[in-house]
Amino acid sequence: MIICHNDRTPMKFEPSDLYSRLLVSDDDIDSLEIVPLGGPDGAEEPLELPSELAILPIRQTVLFPGMVIPVTVVRQKAIRLVKKIYRNSDINLRILGAVTQAKPNKEDPSAEDLYNVGTVAQILKMITLPDGNVTIIVQGRQRFEIKSIVSEDPYITAAVQAIEDVFGSASKKESKALLQSLRDGAHKIMKLNPEIPQEARIALDNIESPIFLIHFLSSNINVDVTDKQKLLEERNGHKQANLLLQYMMRDIEMLELKREIQSKASSDIDQQQRDYFLRQQIKVLHDELGMDSPERDLDELRLKASLKSWTPAIQAHFDKELSKLQRINPMAPEYPVTMNYLETMVDLPWGEYSKDNFDLNRAQKVLDTDHFGLEKVKERIIEYLAVLKLKGNLKAPILCLYGPPGVGKTSLGKSVAKALNRQYIRMALGGVHDEAEIRGHRKTYIGAMPGKIIQNIKKAGTANPVFILDEIDKVSSDFRGDPSSALLEVLDPEQNASFTDNYLEVEYDLSQVLFIATANSLETIHPALRDRMEIIEMTGYTIEEKLQIAKKYLVPKQRKDHGLKATDIRIDDAALLKIIEGYTRESGVRNLEQKVGTVVRKIAKSVAMEEDYVKSVKADHIEKHLGAEIFDKDLYQDNDFAGVVTGLAWTSVGGEILFIETSLSRGKGNLTLSGQLGDVMKESAVAALSYLKANADRLGIDYRVFNHYDLHVHVPAGAVPKDGPSAGVTMATSMASIFTQRKVKPYIAMTGEITLRGKVLPVGGVKEKILAARRAGVKEIILCVKNRKDVEEVPANYIKDLSFHYVDQVDEVLKIALLPEKVKNAMTFVFPAEKKDTEQEDPMKVVTV
């Protein structure tokens, strides 16, 4: 124990305290010299204060005269100052000014960052610590005021003026009462705070000097540094004592309030300790058995819930369910049901959004890199991004990509997510027939779970993913409900901000989710559901587009997937074109990718077996790899027969040409249709025949042919089903040709529907039909005048070799398509002689048309 005599007052410091604070040894402590402030008579030794004093900034503490405190010095500038001062052999010269920082967080304080009043500190001992820092033990000697700053480099030096300690001019009786109040307050604090050691009471009782008593209590009072600085700056001892007494009374009130609170809570401590002890035993048992304790689960739920940005209503609902869970026995069957429900709530992303990437050029580049063509779809996505960038917030539209299989509807959704920098979710709706798949089950049912919408949002971890509703046209319904009706709320931008899942029971905001639905057909989609979506049609790829897709995407992808290098295989354009036309018949590119993969596998086998092979695959090599061609290419076939017309048709695998053949035979005017025609094409044939009968005289057709000859219309190939509303003009032209025996103009094709009045109606699939005609060698195409806008959307390089005739009436079609001369070996019509009322029937009369 080290005893410092200060004004004949013994002060104690335990060596263990110095060990922990200074990291010094016993030898260092024993050699520590404490210089008393007072002489044998109790008078303070005068300290000769120089006019200029080196300043040591200190943080989080205030040094008062007479106090001995350790100070750890870590700043290099301060370390150099301390070492320089400590080199003086005269201990009376080892002095510096200890001034508290007004800004304690500043690492390199200037004079402006210090208070104006400090204490002269005499360095009693300096210890160098293992980490290079220095700890000094200083003793406060006298207060001073900074008058001016002399210099700040290499350390702060200031011109100072001493502050004399004066107790004040109060009466002796008043001063005695004030000092006694300070002592009583200090004793009361010691009584209320059991952490204060007993030695402090002894030291307090032995202090006689009023000034030192004030400094001693000011140094040890439990107040902020700013309040201690106020006590240090107060020059009048009487005022300083009153301010100190205020602080002590405030501290006494806080300690009494604390004891009162502890006293009120003490009655429950025994029961709480018992409960706590039992819970700890249960916790240990759970840990030994490898089981999670209920308390730990509840704590985790509370922690996760505290991080959620819930509305007050949702927070109240969660707190209610959590309170209910606390009252349930963990072994009860209701416990895991409620636990699963609460875990679902805290695992959902409530208001947690990923940041959209508004770089439109990057988004365009991503879409162009992943997909060839599809310009309308890409333009719509860029428009959405542009509006979102300008407005900052936009209710996500509901897009529906409609088109045949394999055209890239689903993969386009993934590219959109990549362009937006959002999470990607795909939900397959094919075969879904239970409403609970969308809305979830009531949580009271056994095995209840949220709907797939909420499940996938939870899996994504953000509340604004790109959500692909795949095959929405294949949703079915049964006695368990209609999922299409459940999707009405999900896909309505005006309602999905408050979507309610049956399991979740609270509203969840889906307005920021970008829903993209895909469908192969619009007919099977619920009308109300279709009305909520923005339909974007994705037509099949043309032969030219398939060629580019194969070159840019499919061949590199298959080569990479099969472990080949770019130098191992090369498939030229002619070979790819042969695969497209001879081995695939589809709108998309799925089968094309499979055929390309077959070719690449053949090459991969040769590479793996180190066989000799041809690296450049040409059209002649395709049959070796894939066998004989599966599909025949339809080409225009010129002929000299009447009644044969080339038509254009749209199929799910693209455009095609077809030939309509008509023949006449002796009969009773019957009409025969063959070639597996659908109802629409049959009705087109009947309408065409009716129009020709009604306008026979004007068209140069002998009316008798309709009653004495049977008409047979055939559309090869007979094994392929055909239907559609675009064969009317073709059938009318074919019938007019056979009835008039006039040849059809070579290299011409047509498409369009007709009415009984002879008006030509527009049809769809114009782009695919035009490209099919071009591939077949057709040079002229007849279209409805209203289809002109569709031709203008076709790239110019696809139609540069074609000429178009836009018509409004069937008469115009016949004028363009039928040549004036008859075909070779024109048919001779034979009609029976007309019966007269007074004569018998004449023999057969031959009429040549």
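Throughout, read-outs are computed from the coordinates displayed, never taken from laboratory work. As the structure is a prediction and not an experimental result, all values here were calculated from the model. Using ideal geometry, Cβ is built from the backbone for each residue, glycine included, and neighbour counts are taken over all protein chains shown.
Worth pointing out:
- Segment residue 710-residue 236, length gained on full extension (0.36 nm per residue, minus Cα span): 157.3 nm
- Summed over all non-identical Cα pairs, the Kirkwood treatment of the stretch 130-224 gives a radius of 16.9 Å.
- Sparsely packed loop sites in the stretch 496-582 (the chymotrypsin sites (Phe, Trp or Tyr not before Pro) outside DSSP H, G, I, E and B with at most 16 other Cβ atoms within 10 Å) do not occur.
- About its Cα centre, the dipole of the chain is roughly 2160 debye, where the only charges are +1 on Lys and Arg Cβ and -1 on Asp and Glu Cβ.
- Whole-angstrom gap from the stretch 87-165 to the stretch 367-423, using each part's C-alpha centre: 69
- Going from the fewest other Cβ atoms within 10 Å to the most, the residues 126, 609 appear in the order 609, 126.
- Annotation note: trypsin sites (Lys or Arg not before Pro) in the stretch 729-763 located in DSSP loop regions with a Cβ neighbour count of at most 13 within 10 Å are 757.
- For the stretch 465-531, the set of GluC sites (Glu not before Pro) satisfying both a DSSP loop assignment and a count of at most 11 other C-beta atoms within 10 Å is given as 494, 523.
- The chain - mean residue ellipticity at 222 nm from DSSP helices (-39,500 (n - 2.57) per run, n ≥ 4, rounded to 500): -12500 deg cm²/dmol
- Residues with amide H under 5 Å from that of residue 441, placed H, sequence gap 5 or more: 449, 451, 503
- Pairwise label distance in nanometres, residue 106 with residue 350, each label 7 Å out on the Cα-Cβ vector: 4.5
- Kirkwood hydrodynamic radius computed over the stretch 753-834 comes to 15.0 Å, based on all pairs of distinct alpha carbons.
- Among 736, 99, 179 - extreme Cα towards positive end, dipole of the chain, charges at beta-carbon: 736
- Between the beta carbons of residue 808 and residue 625, assuming R0 = 45 Å, the FRET efficiency works out to 0.35 to the nearest 0.05.
- The orientation-averaged shadow of the Cα convex hull for the stretch 555-612, equal to a quarter of the hull surface, comes to 4.1 nm².
- DSSP beta bridges in the chain [antiparallel fraction, %, rounded to 5]: 60
- Residue (of 63, 161, 406) at the positive-pole extreme of the chain, dipole from beta-carbon charges: 406
- Under 5 Å, built H, 5+ apart or other chain: amide partners of residue 648: 658, 750
- Fraction of beta bridges assigned by DSSP in the stretch 644-822 that are antiparallel (%, nearest 5): 55
- Remark on residue 49: its backbone amide H falls under 5 Å from none of the residues 5 or more positions apart or on other chains, H modelled at 1.01 Å from N.
- Between the beta carbons of residue 598 and residue 534, assuming R0 = 30 Å, the FRET efficiency works out to 0.20 to the nearest 0.05.
- 22 Å tail of the calculated P(r), the stretch 360-537, as % of Cα pairs: 43
- Under the Karplus curve 6.51 cos²θ - 1.76 cosθ + 1.60, θ = phi - 60°, whole-Hz ³J(HN,Hα) for the stretch 234-248, x wherever Gly or Pro sits: 6, 8, 7, x, 5, 5, 4, 5, 5, 5, 5, 5, 4, 4, 5
- Shape analysis of the stretch 294-347 based on the Cα gyration tensor places the equivalent ellipsoid semi-axes at 19, 11, 9 Å, largest first.
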